[in-house]
Structure formats: structure tokens, C-alpha cells
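Just below is one structure, and these are the notes that go with it.
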Amino acid sequence: MILDLFNYWIVVILMMVGLFIIVARGNLVKKIIGLNIFQTSVFVFYISVGKVQGGSAPILSDSIEVYSNPLPHVLILTAIVVGVATTALGLALVIRIKEAYGSVEEDELQVIDNQ
Amino acid sequence: MLMVTAVAIAWTRHLFSAVMLASIYGLVSASFFVAMDAVDVAFTEAAVGAGISPLLMLVTLRMVGAKEATSHNHPYAALIIVAVVGVLLLLGEQDLPAFGSADAPAHGHVAPHYLQESAAEIGIPNVVTSVLASYRAFDTLGEVAVIFTAGIGVMALLFSDTPVHLRNLPNTSRSTMEDQVIPRVVGKILIPPIMLFALYVQFHGEYGPGGGFQAGVIFASAVIVYVMLFGLDAAMQVVSVSWLRFLAACGLLLYGAVGVVCLLAGKNFLDYNALLPDHIAAQHLGILVIELGVGVTVACVVMLLFFAFVGRIPHLPDHEARDG
Amino acid sequence: MLIHLPILQVIIPLLGAPLCLMVKGSRFVWGFTLLVSLLASMISVALLWQVEANGTLSYALGGWQAPIGIEYRIDILSAYLLLIVSCMSTIVLLGGYRSIEKEIPVSNQSYFYVAYLLCLAGLLGIVAAGDAFNVFVFLEISSLASYILIGLGKDRRALWASFQYLIVGTIGATFILIGVGYLYIMTGTLNMVDLAQRIPSVSESTTVLVAFAFLIVGVCLKLAMFPLHVWLPNAYAFAPSIVTAFLAASATKVAVYLLFRFSFGVFGIELTESILPLHEVFIGLGLAGVFAASLVAVFQQNIKRLFAYSSVAQIGYMIVGYGLDSVAGSMASLLHLFNHALMKASLFMALAAVVYRLGSVQLKDLAGLASVMPWTAAAIVIGGLSLVGVPLTVGFVSKWYLVLAALEQDLWWVALLLVVGSLLAIVYVWRIVEQMYFAPSTSGDQSDGTREAPIGLLTALWILVIANIYFGIDTRLPVGVAELAAEHIFGGRL
């Protein structure tokens, strides 16, 4: 039972680590990295869903009987792109924040804004 | 492996190592995807998770500094939130079908249709490409729009007000590699094959893993290598920003135009069967053209992203070249 | 071409965006954007009319029938939302030219309009989609575009606000993705109608419940439902004025739509009702939102921020309506959606005019505004009255129905609290009115050149203000459609 869902356990731990970084760390770049981990864990989750025991990559061929499920792969391809788009935009904002505030630490930004 | 890297990322305070670890994390997850039969996804994740994202992060670090402050913001609040989410996730997993079992509901219903019918309906071996570019082509149009949006955003944020240092000081973001002959020669030799490989990936997506997105990234990486070796200005002389911007828009439009042509031919949006009388050929044509649209937009946007980020590095003579 | 309207609704702005990048000259870009938005609103009117006449429309993208392909599905609820979003976008744009010209640097204006169109396309796409994953994709288009729009604000705090929104928004979107993933595992499909048919057979599994939880929390993050609203006030306060007007009138409304769609359309009434004490939780959180946010609003000095908090409070009313979980409650909530879009669009447009002339939205700088900008000041007053819920304005109508819906279930204390909540709105609206009409102008005389806002802005503003009053008196259109939509959501499943 435990082993059956081993992949999913990993996913949960990865998600928690990612989320923890986002919330607990004040550095904005670190937050983006956390966001990446969080998103990737979801990718791992979807791809694990798509795996069929004994199956092979969904590229049709006469010699293969069982394929893994292609649909999660498609969805995750899209999601990866969405993820990188978010990362790029987030980092661009980080750069602008650094230029405007001189800092990329959350608590310092808070202090500057409250002045 | 994934876990170890992730925890290490959470642990380290040095952002440079965090980014490096993130890159390794991307690579490890890509190999995991291969093990899970998701070759297309692995290809993309390797390009994105171990390629573009860390690269952009490094360039960002170059500007914002690689040291993280030591203050914890709200670790307890974080722990509580994380714990709640974790418990929820675990609850959700109780009733999941066992990993890999072929009779899970996810593998019934829609998915078998793709596996069994796509040969007859689309006629290309790579089922992932069939689903991506035909059955769910509209998602992919959305995906291209997302990447286009990111390009617009980064340009709006980084290009706009002040590439002052670029204007005032020509030959600024010059690479220190310039004096080194061997990398330059090796680079020059490498760039054309990378581009060729990109084209191969672009048009081979129907048969094996690959397609517009991956090809676009690879093509852009060739240009990125060029920037690293010869400096940003030299690269910008070869490919100008306004052209890239124009082409990025064209890629998205090309994709949309295929859909509109289908509309005008009396079929539904993105119904390629309207393009040619023979439906297999029509599907081929449709997929080929939209993949081209994807490739063009992705390549241009990735280059633009890179240019925008690197162009923002304030030039200080005593600084070494970028970390990447 | 009529059968293609559902897709045209979305692809016109979506493809308009890259085209917009090629148009040169800020006036042309603006004209082009306005044209695209106008086309979208005309299509939405046609769609609403079609749906009212013929019932739900379904459109198979790529010619692949659902659930194999992606389906667009326009029922009365989506048509209603499409109408709100596209019309608000058009009116806001109509008046926005001068304000955008002033607040956005020239080099960024074309990016601004492109992002605006992408945001519009994303929002319309969310509403039109009948496929859970497609919702996620378009949600991300609109979110990314709105991060850009907010980040273009003049104040540097706009950047920080945008970043915070990006983090929260992405977590929300990823939650939605997790929820969709769980649902896919349990049912093997992504199509909403298909999901709705298949979920009942697996509804006793905890996985479905958790999927529900993730979807709802994800949507509520986007919705800025109290207590997940922290990102909203700063984002609204520091975004360019026109962006605030547009987002306030559309983005949160679409999130409310998603809440209704997922809980009633996908999971179905029975399931939604059987899970947890969902009613009480949402009514409680909604009311808490009304009070907490209104109280904070009372103490704000920045008026844009003040109205942003008031938005959080007004979202609270919609959540209460949702939590009542009845036809009447949903109808009131949907009606408030429309009415709140009208009020907030007009208030934020008025603030755009204030920013245009005064360059500030601090309460103290508004002293004596009524004498220099009488039309704008009057618009703020009417918008404010509508917010409070004075009879003859739209605000009254929706609150009236909401109170009725609460009384219908004998929840007299909810009704009472709703009315008391409105009293708080009186307090913060009065502070502004007092400052505008009764405080002596700080600048002494009017020699500093402050005068009434440009005519374009005023026109759009007053279209909205008049709509505020018109639909407050002649309530047939919104009430009729909201009623149909509420009955549709409930009727379809019961």
C-alpha cells in the first residue's frame, strides 16, 4: 500500500518544501525558486499519474502493446511553459524591485514602504 | 534524489548554490520523467528546468546579489500552512489508484481514444504531438499566448525606461571570453549544429519526442551561446530586438491564422480537416504549420528574455562576466 | 458565422494582441484596442441573445467532440459574465486614453495595450471554456497580463504589489492545477460536463473532496476572499488607474464565476451541500470580510486603497450570497456581481480623473474638489451612494435581494449584519464627501490650473454613473438574467 503510492508521497514532500520556501523565505529570488519547486512537484504528480506499469512512451509502433497515458504529458508540457513564463516575469520584477528599492529582502521592503 | 535537492535548496542560504541546485533539480526531474515514459516532457523540462530558468536566475543574481539575508520571516506561519496543505494532500491520496495500475480511471475514458484512434485520425506516431497539436490544439494556442505574454511583460519591465548603459556606453556587456580563443572557436563550430539540431527537432516532432517548443528553446540557446562568447551587442547586431518582437507576434498570429483559415473554410476553429481534402494530409499540414508558429514565438521570446535580462546588467568594468 | 461566435469572442482579443504590437502611434494603438474590445462586446451581446433564445451553446474546438477535444460551452451564466467583462473593458478603454497617456511612459504604451488585450482574452477564455484544464491555461494568460499591467504603475510600490500578486496568484493557479489533476485521476476526463456526470459515482472518495478543497482555495486566492485578500489592496492602489478600474470590474468577477462554476457546475449541488458545513463557513467568511475590510477602509488615507478594501468587503457580500446556497442567494450574488462591476468601474474611473488632474489620491488632497471638478465629484458621490446601497441605485437592488435571500432561510441575523455592514460603507464614503464638498481647498484658489477632467474620461465615467442609476430603477435586464442564470445553475442539477 505504502509502496503503491510512493511517488505520490514524494510529490507531497516536494510540494511542502516548495511552499515552505515561498512562505518562509524573505529573499525574492528564493521565493521564485520555491515557486519552481512547487510547480515541478505538480508536474511529477501528473506524470506519475500517466505511468502505466509495463507501458512505454506513447509513440506508436507495431511492436509495442502497452503505452503510458499521453494526456498528462500534454497537459504538463503546457504547464511547464506556463511555469517558465511566470518565472521570467517574476525575475524581471525582482530586478526592477532591486533597482527601485535597493533590496530584494521582503522584510526590508516592508520597512522601506512603511517609512 | 529530488527530495534531497529540494531540501538542500531550502537549506542553503547562498543563492548561487540554490540556483545551481535548482538546475540539478530540473535535470533530475527530467530523468525521472524519462523513467515515467514522458519523453517529450523530459525534453522540455531539461530545456526549461535545467536551462532557461536557472540561466535567467543567474543573470538576476548577478544584479541583485547572491547572498540571502539571515532573517526568518514567519517560519511558524509557514510551517502551519505547509502542514495543512500536506495533510490535505495526504488525505487526497488515500483513495488514489495504485501507481502504475493500468485500470485506473485516468487511463480509461478519454486516453484510450488517443492511443487507439490517433493513428487513423491524425496519422502520426507520436501520440503526444497528436494530442498537443490537434485534439487539444487550443490549449497549445493558449500556451503560446502565455509565453508571448511573458515576453511582453519582460520587455515592458526591462527594456523600456533605461538601457542607459547600453545607449551611453557602446560595447558594454562585453564578455570576458572575448580574449579566449579556444572557447570562441569551439563556440563557432558548435553554433551551426545546434541550429541544425533545432530544425531537426522542429520537424521531427511527429515521429519522436520534440516539437515547436523544444526546437524554439534549442534555437534560442544557440544565440545565447553566441551572446556569451561575443557579447550582447554583437548578438544584437545579428538579431535585432524589434525584429524578434515582430517575429514573436508573427508566430502567435501564424498559429491563430491556421485556426481562422479553418473557420473561413467552413469548419470549426483549428479543425485542420478544412485545409485539405485528404484528412491525414490536412492534419499533417495543420500540425506542421502550428508547430512552426510555436517554434518561432518560443525562440524569439526566449532570446528576448535573455537579451532583456542581460541588457539590464549595469556595466561595471571591474566585474567579471556573468556567472553563467 | 453565427455558430462561430463562442470562439470569436475569445480569439478576437487574443489575436488582436500580437497585431496590436505592430500598430504604431499611441493614438492608433488605443483606437485599435478599443475597436477589438468593442467587437468583443458586440459578440457578447449577440451571444447572450442567442443563449436566451436557444439555450446553451456548445462549440467543439478543432472539430473534436468533447471530451476528446476541448469544448467551449456558453450557458446563460457564462454569457452574462462575457457581457460584463467585455462591456466594462470597452467603457474603461473609451475613457482611458488620456489617463493612460499620462500615467504610462510612451515607450511602454504599446506593451500596455497588448497586455490589456491579453488580459481581456484570458478572462473571456476562462468564462467560455468548458474544459477544466483550458480554464487553467487562460487563467494564467489573464494573470500574467494583469501582473504586467499592475507592474506598470508609476509608484515603485506597484512593482512590489505586482510581485506579491504573482506569488499568490501562481500558488492559487497551481492549487487549481492540483485540483484538476485529482479530478482527472478519479474520472479520466477534463471536460466539465463530463466531470459533472462522472463525479457522483466516485463522490464518496476523499480524493474528490480534496480536489474540491484545492479548487476552491485556489479560486478564493484569485478572488481575494477574506482572509486570502492580502494581495489585493496594494495591487489595486498602485496599479495605473485604468488598470484598477478594469481589474476591479472584471478579474474578481471572473473568479466569482469560477467559484460558482466549479462548485455547482462541476461538483454539483448535492456534493457541494454534503461536504463540510460549507454554507456556514462561506457565510461566516463573507460577513467577516464585509466587516473587517470595511473597518480597514474607514481608516485609509489613500482613496484608491480605501476603495480596494471596499472591494474586498463587497466580495464578502457575493460570498454570503454564494454561501446561502439557494436560488435566491445565488441570484443576489450574481446580481451584485454586475452591480458591483458598475459601481467600482465608475468609482475607479472617477479616481483616474482625479489622478489625472491632481496627481494624487490622498484624502487630504481632495479638499475642495467639488468646486474645481464638479462632475467628477458628483460621480464619486453617486458611486459612493451606490456602494452604500441607497435606493434608486444598483447597490440597493442587489443588497435588497441579498437580504431577502437571507430572510427566506430565516437567517435574520445574517440579514441584520448585512445591513449593519452597509452602515460602515456610509462612514468611509462620507469621509470622502466631506473632504470634497466641505473642506476648504488647500491650494487656496484655483489658479493652479486644476480643472475638470478631459471630456473622454468624463463621458465614459458618466456612462457608468448613469448605468448605476438606470439599472437601479429599471432592474429588468440584470435581475432577469441573474435569475435565469441562478435557476440554470440549480435547475441543471436538481
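Side notes on the structure shown:
- Anisotropy class of the stretch C:61-211 from Cα gyration tensor, a/c 1.5 cut: prolate
- Which of C:LEU324, C:LEU2, C:TYR97, positive extreme of dipole for chain C (C-beta unit charges): C:TYR97
- At R0 = 35 Å, FRET efficiency that the Cβ-Cβ distance of A:TRP9 and B:LYS67 yields, to 0.05: 0.55
- Calculated FRET efficiency for the pair C:VAL230/C:GLU280, C-beta based, R₀ 25 Å, to 0.05: 0.60
- The modelled label-to-label distance for the pair C:PHE438/B:ALA102, using points 7 Å beyond Cα in the direction of Cβ, is 8.0 nm.
- Treating each Cα of the stretch B:1-68 as an identical point scatterer and summing with the Debye formula, the log10 of I(q)/I(0) at q = 0.15, 0.24, 0.27 Å⁻¹ comes to -0.48, -0.96, -1.08.
- Sorted ascending by nearby beta carbons within 10 Å, beginning with the fewest, C:LEU392, B:LEU21, C:LEU81, C:LEU190 become C:LEU392, B:LEU21, C:LEU190, C:LEU81.
- Working note: Debye formula, equal point scatterers on the alpha-carbon atoms of the stretch C:277-494, no solvent; log10 I(q)/I(0) at q = 0.10, 0.14, 0.18 Å⁻¹ is -0.45, -0.81, -1.19.
- Assigned charges on the beta-carbon of Lys, Arg, Asp, Glu; chain B dipole about Cα centre (debye): 1040 debye
- All-pairs alpha carbon distance profile, the stretch B:53-163, 10 Å steps from 0, percent: 10, 17, 21, 29, 18, 5, 0
- The per residue volume of the convex hull around the alpha-carbon atoms of chain B is 174 Å³.
- With a cut-off of 14 Å between beta carbons, the residues surrounding B:VAL146 carry a summed charge of -3, where Lys and Arg count +1 and Asp and Glu -1.
- In range of the label at C:TRP400: residues from the stretch C:454-494 whose backbone nitrogen is under 14 Å from the point 7 Å along Cα→Cβ: C:469-480
- Exceeding the 21 Å Cα-Cα cut-off - candidates B:LYS267/C:LYS253; C:LYS24/C:LYS154; C:LYS304/C:LYS364: B:LYS267/C:LYS253; C:LYS24/C:LYS154
- Taking max minus min of the alpha-carbon positions on each principal axis, the stretch C:4-117 gives extents of 45, 26, 16 Å, largest first.
- By the beta-carbon count within 10 Å of each Cβ, the least crowded to most crowded order of A:GLU108, B:GLU68, fewest first, is A:GLU108, B:GLU68.
- Assigned charges on the beta-carbon of Lys, Arg, Asp, Glu; the stretch C:368-489 dipole about Cα centre (debye): 120 debye
- Among C:THR475, A:THR87, a tally of other beta-carbon atoms within 10 Å of each Cβ gives an order, fewest to most, of C:THR475, A:THR87.
- Cα-centred dipole magnitude for chain C, charges only on beta-carbon of K, R (+1) and D, E (-1), debye, nearest 20: 1280 debye
- Contact order relative to length of the stretch C:253-369, as percent, for alpha carbon pairs under 8 angstrom and 6 or more apart: 24 percent
- Applying both filters, DSSP loop and at most 11 other Cβ atoms within 10 Å, to the chymotrypsin sites (Phe, Trp or Tyr not before Pro) of the stretch C:350-445 gives C:PHE438.
- Once both labels are positioned 7 Å from their Cα atoms along Cα-to-Cβ, the gap between C:GLN409 and B:VAL186 label points is 6.9 nm.
- Inter-label distance for C:TRP430 and C:LEU416, nm, one decimal - labels placed 7 Å from Cα along Cα-to-Cβ: 2.2 nm
- Taking the Cα atoms of chain C, the ratio Rg/Rh between the radius of gyration and the Kirkwood radius comes to 0.96.
- Chain B: relative contact order in percent, alpha carbon pairs under 8 Å with at least 6 residues between: 22 percent
- Counted by Cβ distance under 11 Å from C:MET88, the other residues give a net charge of +2, where Lys and Arg count +1 and Asp and Glu count -1.
- Total formal charge among the other residues, if their Cβ is under 15 angstrom from that of B:VAL239, Lys/Arg +1 and Asp/Glu -1: 0
- Top positive-direction residue, dipole computed over the protein assembly as shown with Cβ charges, set C:ALA406, C:ALA121, C:LEU363: C:LEU363
- Contact order relative to length of chain C, as percent, for alpha carbon pairs under 8 angstrom and 6 or more apart: 15 percent
- A convex hull fitted to the Cα coordinates of the protein assembly as shown yields 152 cubic angstrom per residue.
Here, each number is a calculation from the coordinates, and none is a lab measurement. The model shown is predicted, which means the values in this text are computed figures rather than measured ones. Every residue, glycine as well, gets a Cβ built from its backbone with ideal geometry; the counts of neighbours run over all protein chains shown.
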